[in-house]
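Below: the structure, in structure tokens.
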């Protein structure tokens, strides 16, 4: 695959257990040299041992990872020219030694066998940083309140409109909810919509809740395209 100028590189990674870590190593051939790009996690220390042909790259937002349904999304922006000839995954504990990693991958040195728990999921590479869509409206209607087994519940319909240059790239829409007591980052996933509407039926309302906020997250062919903190939302007051 030919890479030119700026490239958006995204990869999904499952939540690593214990002290396990997972990184990717890209091998890129240009006309003169071979260049390696090591994609590491947020705030990760790497002992590069003065390997001049290995570029170490942290995610765009080096402090956080967007997590969706247990998968962490890492997003990188590369400025490279050349042909991508190989993608290698590296699992390890603690601090990564880039020289040891390079010897294992390129020279065939036998690594020390150890137990780790990490899983690599979807990978996407794109030269287009523009997602090609914009959420114009996100509204709720038909709000009704009730009671089920002594617990207060709410039912409603969510609708939205999308301005899209290439709507075929949108795979689905994910709906989340949070209350005024929700801790940052703790959203409840309600479901997935394939069309531009979603019905919420008899959603339990925790006692003492004053507001409910619904979030719309877009998922396209290259992965999740909107972080929940920046996703369109609509809030209703609890009467």
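Table: residues versus (1) surrounded by 15 or more Cβ atoms within 10 Å (Cβ to Cβ); (2) in contact with a strand residue (DSSP E or B) (Cβ under 9 Å, 6 or more places away or on another chain); (3) within 30 Å of residue 228 (Cβ to Cβ); (4) at pLDDT below 75.
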site: 46; (1), (2), (3), (4): yes, yes, yes, yes
site: 55; (1), (2), (3), (4): yes, yes, no, no
site: 61; (1), (2), (3), (4): no, yes, yes, yes
site: 75; (1), (2), (3), (4): yes, yes, yes, no
site: 78; (1), (2), (3), (4): yes, yes, yes, no
site: 81; (1), (2), (3), (4): no, yes, no, yes
site: 92; (1), (2), (3), (4): yes, yes, yes, yes
site: 102; (1), (2), (3), (4): yes, yes, no, yes
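Candidates are the residues of the range 181-202 that are surrounded by 13 or more Cβ atoms within 10 Å (Cβ to Cβ) and at pLDDT below 90; the one that is nearest to residue 156 (Cα to Cα) is 187.
The values are calculated or read from the model by the stated rules, or taken from the named source; none is laboratory data. A quick note: this is a predicted structure, and the numbers were derived from the prediction, not measured. Reconstructed Cβ throughout: ideal geometry from the backbone, glycine too, with neighbour counts over all protein chains shown.
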